[in-house]
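Laboratory data are not the source of any read-out in this text; all were calculated from the coordinates shown. The structure displayed is predicted, hence computed values, not measured ones. All Cβ positions, even for glycine, are placed from backbone atoms using ideal geometry, and neighbour counts span all protein chains on display.
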Amino acid sequence: MNRPGQCTDNAEVESFFKTLKGEFLHATSFITLRQLRKHIRGYIDGYYNSHRLHSGLGYRTPIEFEEIN
């Protein structure tokens, strides 16, 4: 939740949504909301957290980062 006048409060979430839209949703269409939710869940669990390297985590996946820390 953003505080009034604090534009950086939501930086991490905004960055995630930019990545989600750019890598996954940009050229894809879905028939139902259920189908969209299923594919987003698959993207997050099957790729974003387990395979995609994150610069803020020292170029490790979130799963790798959690295992080490």
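Search the structure for amide H atoms under 5 Å from the amide H of ARG60, placed 1.01 Å from N in the peptide plane, and list their residues when 5 or more places away or on another chain.
Distant-sequence amide H within range of ARG60: HIS54.
Would you work out which of GLY58, TYR43, LEU33 lies farthest towards the positive end of the dipole of region 29-69, given +1 charges on the beta-carbon of Lys and Arg and -1 on that of Asp and Glu, about the Cα centre?
Of the candidates, LEU33 comes out farthest on the positive side.
Only helical DSSP H runs with n ≥ 4 go in: add -39500 (n - 2.57) per run for the chain, normalise by residue count and round the 222 nm mean residue ellipticity to 500 deg cm²/dmol.
Result for the chain: -11500 deg cm²/dmol, rounded to the nearest 500.
Using the Karplus curve 6.51 cos²θ - 1.76 cosθ + 1.60 with θ = phi - 60°, what ³J(HN,Hα) values do you get for each residue of region 63-69, in whole Hz, with x for Gly and Pro?
Each residue's phi maps through the Karplus curve to give 5, 4, 4, 5, 5, 6, 9 Hz.
In nanometres, what is the gap between the two model label sites at PHE24 and LEU57, each 7 Å from Cα along Cα-to-Cβ?
Roughly 1.4 nm, to one decimal.
Which translational diffusion coefficient, to the nearest whole µm²/s, is obtained for the chain from the Stokes-Einstein equation, given a Kirkwood hydrodynamic radius over C-alpha pairs, 10 °C and 1.306 mPa s?
In µm²/s, the coefficient is 115.
Pop out the ³J(HN,Hα) list for region 21-32 in order, Karplus 6.51 cos²θ - 1.76 cosθ + 1.60 with θ = phi - 60°, rounded to Hz; leave Gly and Pro as x.
Running phi through 6.51 cos²θ - 1.76 cosθ + 1.60 with θ = phi - 60° gives 5, x, 8, 10, 8, 3, 10, 10, 10, 10, 7, 10 Hz.
Through the Karplus equation 6.51 cos²θ - 1.76 cosθ + 1.60, θ set to phi - 60°, convert the phi angles of region 49-60 into ³J(HN,Hα) values in whole Hz; use x for Gly and Pro.
Result, ordered by residue: 8, 10, 10, 6, 7, 10, 4, x, 10, x, 6, 10 Hz.
Compute the convex hull volume of the Cα atoms of region 29-69, divide it by the residue count, and report the result per residue in Å³ as a whole number. Walk me through the intermediate numbers first.
Numbers: hull volume 3.0 nm³, N = 41.
Enclosed volume per residue, from the Cα hull, is 73 Å³.
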